[in-house]
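Trainee: Below is the structure I would like to discuss, written out as structure tokens.
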Amino acid sequence: MLMPPGTASAAENVLRVLAWPGYADRDVVKDFEARYKARVEVTLVDSDEALWDKMHAAGAPPFDVLAANPVEIRRYTREHLLAPLELARLPNTRRQLPRFQALASIDGLTEGGKVYAIPFTYSSMGLIYDRKQIAVAPTSMAELWNPRYRGKVLDFNSAEHNFSFAALALGYPDPFQLSAAQMHGIALKLVELRRNLLTYYNLPEEATAFFIQHKVALMFGNYGTQQVAQLRRAGADVGYVIPDEGALAWLDCWAMTSSAANRPLALAWINTMLEPGVSGRLTQRQGLANTLTAAPEDNANAHLIWLRPVDDIQQREALWSKIVSGDRPESFR
């Protein structure tokens, strides 16, 4: 059972949190401070690179807990920047969906039989469709290439994710490790997708505007359920599906740094993040899925493929630059 932190005053009982926007809202922080008679200092980041820089500032990392994806968690673990977690002191992990309790099945969360991070929030990258134009929910990523949607498809502007989801559509077993022949075939497939595209988008707000203004029928939802929530707030009648071949998905987790000064307080923070009220607020406010309840648009049994490092990001980016620039298929030989 998780024991409460010591009785030090709030001036001494400080927790330094490194997180993404929306993960540590002010009311959540205030409730935690009152419960544990502590002071919480939150530092926000907006990219993995910023997170890395904060964790590699001169001297020991000035943080006690952080939120990061499994790829980053593995990097920090192997640099001895994280401390192993005692699951017995995180009882709320027993509230999580089975797929998130199976920590060893998620690459990056365990090392040497020890647990270094606990899943907190995620988003699948499925298909978002206009219910008025598509009466029956699509079942495959291959629908993005359906000629009936000429000029009515939106795609996310990303070399990494486009090659990976196209690999799934083509039936390749590992979308992150591709042979030269597979990479070439996918590049031509993505050139072919241009026939259906309205345009590429970068931000969810941009996608929402395009979707509504241009009556888009189908979209690769890089931001998943977060985009669905935004589109519905804007008045769009959209559905969301995880294709039969599976969907890419990102996952953010809480971890404790090896330099945490008050480990009981750090563990209390991670445990609190898994309370229904806190995880529920995350979903309500951010449109992100939490690890306690299955999202309505994301069936608990859906096949999610957690993001992993790709084989050759430079090659993907070089090919992607040619694709978005409109190069003809013969130039890829």
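Rule-based calculations on the coordinates, nothing more; no lab input. Note that this is a predicted model, so its numbers are computed, not measured. As a convention, Cβ positions derive from the backbone with ideal geometry for all residues, glycine included, and neighbour counts pool all protein chains shown.
Trainee: Can you tell me the Rg and the Dmax, both Å, for the Cα atoms in the stretch 112-167?
Mentor: 16.3, 51
Trainee: Using unit Cβ charges (K, R positive; D, E negative) and no other charged atoms, how large, in debye to the nearest 20, is the dipole of the stretch 182-243 about its Cα centre?
Mentor: About 120 debye.
Trainee: Antiparallel as a % of all DSSP beta bridges within the stretch 1-145, to the nearest 5? Please report the intermediate quantities before stating the final value.
Mentor: Details: 2 of 10 bridges.
Approximately 20 percent, going by the DSSP bridge assignments.
Trainee: In whole percent, what relative contact order does the stretch 51-168 give with Cα contacts below 8 Å and a gap of six or more residues?
Mentor: 18
Trainee: Sticking with this structure for a sec: Hey, with R₀ at 45 Å, roughly what FRET efficiency would Gln177 and Asp27 work out to, going by the Cβ-Cβ distance, to 0.05?
Mentor: Details: r = 43 Å, r/R0 = 0.96.
After rounding to 0.05, the efficiency reads 0.55.
Trainee: Please give the Cα centre distance for the stretch 102-146 versus the stretch 25-89, rounded to the nearest Å.
Mentor: 24
Trainee: Please give the length that would be gained between Glu111 and Leu170 if that part of the chain were fully extended, namely 0.36 nm times their separation in residues minus their C-alpha to C-alpha distance (nm, one decimal). Provide the component values of the computation, followed by the final result.
Mentor: Working: separation 59, 0.36 × 59 = 21.24 nm, distance 3.27 nm.
Extra length from Glu111 to Leu170 when fully extended: 18.0 nm.
Trainee: Sticking with this structure for a sec: Calculate, for Arg333 and Ile313, the FRET efficiency according to 1/(1 + (r/R0)^6) with r their C-beta to C-beta distance and R0 25 Å; round to the nearest 0.05. All intermediate terms of the calculation are to be shown ahead of the outcome.
Mentor: Details: r = 22 Å, r/R0 = 0.89.
That gives a FRET efficiency of 0.65.
Trainee: Here's another thing I want to ask about it. On alpha-carbon atoms, Rg over Rh for the stretch 1-132 using Kirkwood Rh? Mind showing how you got there, number by number?
Mentor: On the way: Rg = 16.7 Å, Rh = 16.8 Å.
Reported Rg/Rh, Kirkwood definition of Rh: 0.99.
Trainee: Here are some values of Rg/Rh (Cα atoms, Kirkwood Rh): [x] 0.97; [y] 1.00; [z] 1.52. Which one was computed from this structure?
Mentor: The value computed from this structure is option [y].
Trainee: Determine the percent antiparallel among the DSSP beta bridges restricted to the stretch 123-280, to the nearest 5.
Mentor: Within the stretch 123-280, antiparallel bridges account for around 60 percent of the total.
Trainee: Between Asn157 and Glu86, what length comes free when the chain is fully extended (0.36 nm per residue of separation minus the Cα-Cα distance, one decimal in nm)?
Mentor: The Asn157-Glu86 span can extend by a further 21.6 nm.
Trainee: Oh, and also: Taking Lys322 as the anchor, which lysines have their alpha carbon closer than 23 Å to its alpha carbon, excluding any fewer than eight residues away along the same chain?
Mentor: Lys152, Lys189
Trainee: Using a Gaussian network model on the chain with a 10 Å cutoff between Cα atoms, which of Thr93, Thr291, Thr43 fluctuates the most?
Mentor: Thr43
Trainee: Cα gyration tensor of the stretch 180-333, axes a ≥ b ≥ c as square roots of the eigenvalues: rounded (a/c below 1.5), prolate (a/b > b/c) or oblate?
Mentor: Working: a/c = 2.49, a/b = 1.52, b/c = 1.63.
In terms of gyration-tensor shape, oblate.
Trainee: While we're here: Calculate the FRET efficiency for Arg78 and Gln284 from the Cβ-Cβ distance with a Förster distance of 30 Å, rounded to the nearest 0.05.
Mentor: Step by step, r from the Cβ atoms, then E = 0.25.
Trainee: Further question: Among 317-329, 151-163, how do they line up from the highest to the lowest mean number of other beta-carbon atoms within 10 Å? Could you put the intermediate results ahead of the total?
Mentor: Values: 317-329: 13.7, 151-163: 20.7.
Top of the packing list down: 151-163, 317-329.
Trainee: A further question follows. What Kirkwood hydrodynamic radius do you get for the stretch 67-204 when you take the inverse of the mean 1/r over all pairs of distinct Cα atoms, in Å?
Mentor: 18.0
Trainee: If you don't mind, another one. So for Thr293, Thr110, fewest C-beta neighbours within 10 Å to most, what's the order? Write down the numbers at each step before the final one.
Mentor: Numbers: Thr293 15, Thr110 19.
So the ranking, lowest neighbour count to highest, is Thr293, Thr110.
Trainee: While we're here: Sort 135-144, 187-196 by the packing proxy (mean of other Cβ within 10 Å over each peptide's residues), most packed first.
Mentor: 187-196, 135-144
Trainee: Tell me, what is the percent relative contact order of the stretch 124-188, built from C-alpha pairs under 8 Å that lie six or more residues apart?
Mentor: Values: 25 pairs, mean separation 15.7, N = 65.
Relative contact order comes out at 24 percent.
Trainee: Under the 0.36 nm per residue contour assumption, what length would be gained going from the current alpha-carbon distance of Ala34 and Leu188 to full extension?
Mentor: 49.7 nm
Trainee: Let me ask something additional. Straight-line reach only, C-alpha to C-alpha below 29 angstrom: list the lysines that Lys30 could link to, leaving out same-chain residues fewer than 8 apart.
Mentor: Within the straight-line cut-off, Lys30 pairs with Lys54.
Trainee: Among bridges DSSP assigns within the chain, what percent are antiparallel (round to 5)? Let's see the in-between values first.
Mentor: Details: 23 of 40 bridges.
That works out to approximately 60 percent antiparallel.
Trainee: Continuing with the same structure: Can you give the helix-only mean residue ellipticity at 222 nm for the chain, where every DSSP H stretch with n ≥ 4 adds -39500 (n - 2.57) and the sum goes over all residues, rounded to the nearest 500 deg cm²/dmol?
Mentor: Estimated from H runs of four or more residues: -9500 deg cm²/dmol.
Trainee: Let me ask something else. Let's see if you can work this out: charge +1 on each Lys and Arg Cβ, -1 on each Asp and Glu Cβ, no other charges. What is the dipole magnitude of the stretch 111-210 about its Cα centre, in debye to the nearest 20?
Mentor: Using Cβ point charges on Lys, Arg, Asp and Glu, the stretch 111-210 gives about 420 debye.
Trainee: Before anything else, pin down the relative contact order of the stretch 3-114: Cα pairs under 8 Å, at least 6 apart, normalised by residue count, whole percent.
Mentor: Taking the mean separation of contacting Cα pairs over the length of the stretch 3-114, I get 26 percent.
Trainee: May I pose another question? Could you order peptides 242-254, 209-221 by the average number of other Cβ atoms within 10 Å of their residues, highest first?
Mentor: 242-254, 209-221
Trainee: What is the magnitude of the charge dipole of the stretch 43-185 about its Cα centre, with +1 placed on the Cβ of each Lys and Arg, -1 on the Cβ of each Asp and Glu, and no other charges, expressed in debye to the nearest 20?
Mentor: 640
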